1. Please find, among Leu174, Leu153, the residue that is among the aliphatic types (A, V, I, L, M) and within 12 Å of the ligand (Cβ to nearest atom).
2. Return a yes/no flag: does the range 179-191 have any residue that is surrounded by fewer than 21 Cβ atoms within 10 Å (Cβ to Cβ), out of contact with any Lys or Arg (no Cβ under 9 Å at 6 or more places or on another chain) and of a type in the set (A, V, I, L, M, F, W, C).
3. Mind checking which residues of the range 136-155 are aliphatic (A, V, I, L, M) and in contact with a Pro (Cβ under 6 Å, 6 or more places away or on another chain)?
4. Kindly indicate whether any position in the range 117-137 is closer than 19 Å to Glu35 by Cβ and not acidic (Asp, Glu).
5. Take Ser98 and decide whether it is at pLDDT below 95 and open to solvent by less than 60 Å² (accessible area, probe 1.4 Å).
6. Considering only the range 12-35, state which residues are open to solvent by less than 50 Å² (accessible area, probe 1.4 Å), in a helix (DSSP H, G or I) and within 11 Å of the ligand (Cβ to nearest atom).
7. Can you name the residue in the range 17-33 that is under 15 Å from the mean Cα position of the chain (by Cα) and of a type in the set (A, V, I, L, M, F, W, C) and is also farthest from Pro164 (Cα to Cα) among such residues?
8. Evaluate the following for Thr158: is it modelled with pLDDT of 95 or more, more than 22 Å from Glu38 (Cβ to Cβ), within 16 Å of the ligand (Cβ to nearest atom) and β-branched (Val, Ile, Thr)?
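The values are calculated or read from the model by the stated rules, or taken from the named source; none is laboratory data. As the structure is a prediction and not an experimental result, all values here were calculated from the model. Cβ: placed from backbone, ideal geometry, glycine included. Neighbour counts: every protein chain shown. Only protein heavy atoms, including side chains, enter the accessible area calculation; ligands, DNA and RNA are left aside. Shrake-Rupley method; radii C 1.70, N 1.55, O 1.52, S 1.80 Å.
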Amino acid sequence: MTARLLAFSGSTRAGSFNQRLVDIAAQHARDAGAEVTEIRLKDFALPLYDEDLEAHAFPEGAAALRDLFIAHDGFLIASPEYNGGVTGVLKNAIDWASRPSPGQPMTTLAAFRGKVAGVMSASISPFGGLRGIIQLRQILGTIQTVVATENILVPLATKAFDGPALTDPMPAQLLPVMVKRVVRMATALSPRLNA
Ligand SMILES: Cc1cc2nc3c(=O)[nH]c(=O)nc-3n(C[C@H](O)[C@H](O)[C@H](O)COP(=O)(O)O)c2cc1C
């Protein structure tokens, strides 16, 4: 069976460098044999996470997002860093997706446990969003997602792309290596594929 990967950006900006980066990663994953679903977090109209909202009116978009996470074996995530950490958009999406489906215990973590992620960051700064990536690794580890070893960092993003193409040679070379690792790890570890 083929690994299913969910690919998305932690930036909702039109023209986002991180959206371009995750688009390229998604194509590499398809080339490596994975089935990839690309989503835009903006389409889910997620409100800010609120425990009262969860209890009384679980948002439709949040339930749809959580179900998509559950249905996939791994994730390709490209996100800018904002003020040295992950973007609020990304953290909010992870928080909603981590909530249990009706009737499931809180500890199930069906959207994340045993899954695999590849993490990337494009940034206009010379540091390439490394601080945000380190935080993202910590968050994903807490919810029991294994993160592939490579950090894909695209510094000075205004000069690193030519239209949709990534022209900075260092991340461009490392990206398919990381994506292939994610596909292999997701195939080997996924609870769905190894039930
Ligand atoms: C609120 C905010 C905070 C930012 N903080 C950082 C930062 O800490 N480090 C950094 O490298 N870039 C930072 N940036 C600049 C981003 O790298 C830049 O906006 C980048 O283009 C965002 O990614 P995107 O093109 O995918 O939207 C920040 C931008 C915003 C709007």
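1. Result of the check over Leu174, Leu153: Leu153.
2. Checking the range 179-191: at least one residue is surrounded by fewer than 21 Cβ atoms within 10 Å (Cβ to Cβ), out of contact with any Lys or Arg (no Cβ under 9 Å at 6 or more places or on another chain) and of a type in the set (A, V, I, L, M, F, W, C).
3. Ile152, Val154
4. Yes, the range 117-137 contains at least one residue that is closer than 19 Å to Glu35 by Cβ and not acidic (Asp, Glu).
5. No.
6. The answer is Phe17, Asn18, Gln19, Leu21, Val22.
7. If we take residues in the range 17-33 being under 15 Å from the mean Cα position of the chain (by Cα) and of a type in the set (A, V, I, L, M, F, W, C), then Ala29 is farthest from Pro164 (Cα to Cα).
8. For Thr158, the condition - modelled with pLDDT of 95 or more, more than 22 Å from Glu38 (Cβ to Cβ), within 16 Å of the ligand (Cβ to nearest atom) and β-branched (Val, Ile, Thr) - is met.
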